[in-house]
Amino acid sequence: MGRRLVPLTLDSLADLPLPCRSCVFWELDPVSGEAAVKDGQAELEKESWISAVLLEWGSCGRIAYVDDVPAGFVLYAPPAYVPRSLAFPTSPIAPDAVQLMTARVLPGYQGQGIGRTLVQTVAKDLVRRGFKAIEAFGDSRWEEPSCVLPTDHLLAVGFKTVRPHPRHPRLRLEVRSAISWKGEMEVALERLLGAVQKEPSLRPL
């Protein structure tokens, strides 16, 4: 079974699940995002966002392939490129951190260490770029797959709450600790990016 991880580019964007390649939840502010969906421009806006981030900041995602079939992905970027983050009551993301926007391990590939590999690859990338942490907004009332990750699963993989909130706390993971994940943390990460999704539909986590 051949595995490879490649940076997300405009060429590989088509390998994201269909709803995810046109999802602009994080990439646009709430008003602009709703307008893009209503006007049928969401996929073009997604391409425009990725293009801009690639040109100005560099790689903002990774796609995992198993035998050349897309098996999972992760998106991340500094908060300056994530307008929706300002809509959260626990913003802003710390200046020494990058926001974990969304991540997913597709059905059929869960429990194989792909989620761990994705996040560890992001952590190594961020260490090289001089960032100290990954931060994310959690959803403490999470009930079904969405663009915001469930708080309890983020806590289970080592994220720590840095700003509490009854619905959307902000959590932080030091990148050097992510690189050295072992044992229970790896199992918990697989649950975060994979097993929490019981349904077969390819929606973003």
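Bear in mind these aren't lab numbers, they're just calculated from the coordinates by the rules spelled out. This is a predicted model, so every value here is computed, not measured. No Cβ is skipped: glycine too gets one built from the backbone with ideal geometry, and neighbour counts run over all protein chains shown.
How high is the FRET efficiency between residue 174 and residue 144 when r is their beta carbon distance and R₀ equals 25 Å, given to the nearest 0.05? So the FRET efficiency works out to roughly 0.25.
Label positions at residue 128 and residue 68, each projected 7 Å from the Cα along the C-beta direction, are separated by 2.6 nm. Placing +1 on each Lys and Arg Cβ and -1 on each Asp and Glu Cβ, with no other charges, gives the chain a dipole about its Cα centre of roughly 720 debye.
For the pair residue 80 and residue 167, the difference between a 0.36 nm per residue extended length and the Cα-Cα distance amounts to 29.0 nm. Rounded to the nearest 5, the antiparallel percentage of DSSP beta bridges internal to region 39-165 is 70%. Between residue 57 and residue 11, the modelled label-to-label distance comes to 2.3 nm, taking each label 7 Å out from Cα in the direction of the beta carbon. Comparing 160, 38, 132 in a Gaussian network model of the chain, where Cα atoms under 10 Å apart are tied by springs, the biggest mean-square fluctuation is seen for 38. Taking the average, over residues, of other Cβ atoms within 10 Å as the packing measure, peptides 42-48, 114-120, 29-35 rank 114-120, 42-48, 29-35 from highest down.
Rg ratio for the chain: its Cα radius of gyration over 2.2 N^0.38 Å, N being its residue count, equals 0.94.
Taking other residues whose beta carbon is less than 13 angstrom from the beta carbon of residue 101, and scoring Lys, Arg as +1 and Asp, Glu as -1, yields +2.
Label sites at residue 48 and residue 18, each approximated as a point 7 angstrom past Cα along Cα to Cβ, lie 2.4 nm apart.
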